[in-house]
Amino acid sequence: MATSGSAQVPVEAFSSRVSTAPVTNLAPRHSALVRVTHWITTLCFFALLVSGIEIVISHPRFYWGETGTVLTTPLFQLPIPSSRRLVPTGYGYVLPDENGWSRALHFEAAWIAVLTGLLYVISGLLTRHFRKDLVPSKPDLSWRALLTSFAKPLRFERPSATEASSYNGLQRLTYLFVIFVLFPLVIWSGLAMSLGFASAFPWSVTLLGGRQSARTIHFFVSLALVLFLFVHVLMVCLAGFWSRTGAMITGRTGTGKEHA
Amino acid sequence: MIISRRKLIVSGLAATAGASGLAVAARLAQKYGLVPPDHGGIYGLGVTLTYASQRLLTRHSLAREFPRNRISPRPFPNYLDPLTEDFKRLQAGGFADYRLSIDGMVHQPASFSIADLKSCPSRSHITELACEEGWSYIAEWIGVPLSHVLHLVGVHPQARYVVYVSMEPDTWDSIDMADALHPQTFLCYGMNGSELPVAHGGPLRIRLPRQIGYKNIKFITRLTVTDNLKRFGKGCGSAGCEAGYAWYTGI
């Protein structure tokens, strides 16, 4: 597996690497554990998203601090109808209550996602996956390299075969941010809303500024994760949907015919 | 693909060890009361993991309490179905004839008026009531700890749950003994220094500050102590769970 894949790597390095690589790359692009945890997380993500939206519909108002009800001023309110008749929405109808299964699905998917994430992070540390594949190298972090990786997809430029075999600096930073900032934050703010968890670890709520702040943070971090998902899928499409998705399913990068 | 004999034996042993490990874990979880009554179905895994881990972490933990100046000025009473004729009659009489009966696995089944309950040692806590929908407010809740009343009637040692029934039609729920004996679990008759308003469940509501609002049922009129929830309704422990809402709501 390549150790660095930024646009800054000199051409000689490319050619020497390409010449030694077999035509069909047999080294897996992603390890089996990365592939399995990726797709379990994908399933959980959609379950959490759908059930999370359903739960928000029952009270599409957000507050800051400890408390907040329809009798207090919200920080903001989503302009959507609600599944509860006492929420003033401006719509003349009330949506059906779907919170029973939504909550059950939300928490079950959260459990599976957290356990899968733990497995991923522990194995990632043990196999040096983070150090090898995600921690950017110094040249990757130069402004020029980052700008290039940012501008290329904006011009709808497909990555070269070599670039497709590892992540550039921008990708590495983004993945690290999602794995070590967004996911921990969304789990923490979610747990802070658990009355049982908060009774055992009261600081988990107070540090976030209160129960309603935790809920608002949970909402915005979820939004950030959805934004990441959009860009992630967009980049996969740009790089070649079937070859990238295939690599995440079978581990093989294929024969490179898309970039030939 | 060729699988060596050694690999086959090793993976066979690992699978057997894993399966028996799971079986032992399930047996232990059952023995230590870590399996909720609604553990069946596709969400059984999630509700069991939540209940088991919270029981291990929070058996004795206390819900956060707040200083008096953080009491919400306008506590929000959630939607209430129209009150029954029976309830209106009791309300007209100032709830003098309102009774809470306690039966099941107790030495002395009993019936308490609101005055009887008020003559018990009164306790209060300033805690947050949080609805599963997302809103929450802080109030002072005044009442008698459920543990005190259970002590008065004498609970059998094999008791595992307390079932509580509301005057509202088809409204009942249950808690395990860890919650029933928890010092913050109240039979609540007062709020913010006065009587508990009917809109908030007066004259008597169960108050469980470590569980979500819908578990804090209003107009409590009957308690049944039991070792088995199978005999109540569809057997999953609450009317809410029969409608798809989880039995345990520490989350």
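Bear in mind these aren't lab numbers, they're just calculated from the coordinates by the rules spelled out. Predicted model, so just to flag it, every value in this text is computed and none were measured. Cβ placement follows ideal geometry from the backbone for every residue including glycine, while neighbour counts extend to all protein chains displayed.
Tabulated results
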item	result
Cysteines without a disulfide-compatible neighbour (Cβ-Cβ under 4.7 Å), the protein assembly as shown	A:C44, A:C237, B:C120, B:C131, B:C188
Compactness relative to 2.2 N^0.38 Å, alpha carbon Rg of chain B	1.19
Qualifying trypsin sites (Lys or Arg not before Pro) in region A:46-102, DSSP loop, other Cβ atoms within 10 Å at most 12	A:R85
Loop sites in region A:46-131: chymotrypsin sites (Phe, Trp or Tyr not before Pro), DSSP, at most 12 other Cβ within 10 Å	A:Y91, A:Y93
Rounded to 10°, Cα long-axis angle of helix A:143-154 versus longest principal axis of chain A	80
Computed FRET value (nearest 0.05) for A:L125 with A:W101, which takes r as the C-beta separation and R₀ as 41 Å	0.70
Percentage of interatomic Cα-Cα distances in region A:49-101 larger than 12 Å	62
Packing-based order for B:23-36, B:222-235, B:45-58, using average beta carbon neighbours within 10 Å, highest first	B:45-58, B:222-235, B:23-36
Estimated FRET transfer efficiency (A:F228, A:V135; beta-carbon r; R0 22 Å; 0.05)	0.75
With eigenvalues of the C-alpha gyration tensor scaled by 5 and rooted, region B:117-251, Å	22, 19, 13
Debye intensity ratio in log₁₀ form over the Cα atoms of chain A, taken at each q of 0.07, 0.16 Å⁻¹	-0.33, -1.21
Estimated translational D of region A:193-251 in µm²/s (Stokes, Kirkwood radius over Cα pairs; 10 °C; 1.306 mPa s)	113
Phi-based couplings in Hz for region A:48-59 (Karplus 6.51, -1.76, 1.60; Gly and Pro marked x)	5, 5, 4, 5, x, 4, 4, 5, 4, 4, 6, 7
Crossing angle, helix B:5-31 versus chain B [Cα axis fit, 0-90 degrees, rounded to tens]	20
Gained length - B:S53 relative to B:A92, 0.36 nm times residue gap less alpha-carbon distance	9.5 nm
q = 0.13, 0.17 Å⁻¹, region A:148-199: log10 I(q)/I(0) [Debye, one scatterer per Cα]	-0.51, -0.65
On Cα atoms only, tilt of A:183-192 relative to the major axis of chain A in degrees	20
Average other protein chain Cβ within 10 Å of Cβ, residues A:198-207	4
Convex hull volume of the protein assembly as shown per residue (C-alpha atoms, cubic angstrom)	183
Pairwise centroid distance, computed over Cα atoms, of region B:152-227 with region A:178-244, Å	34
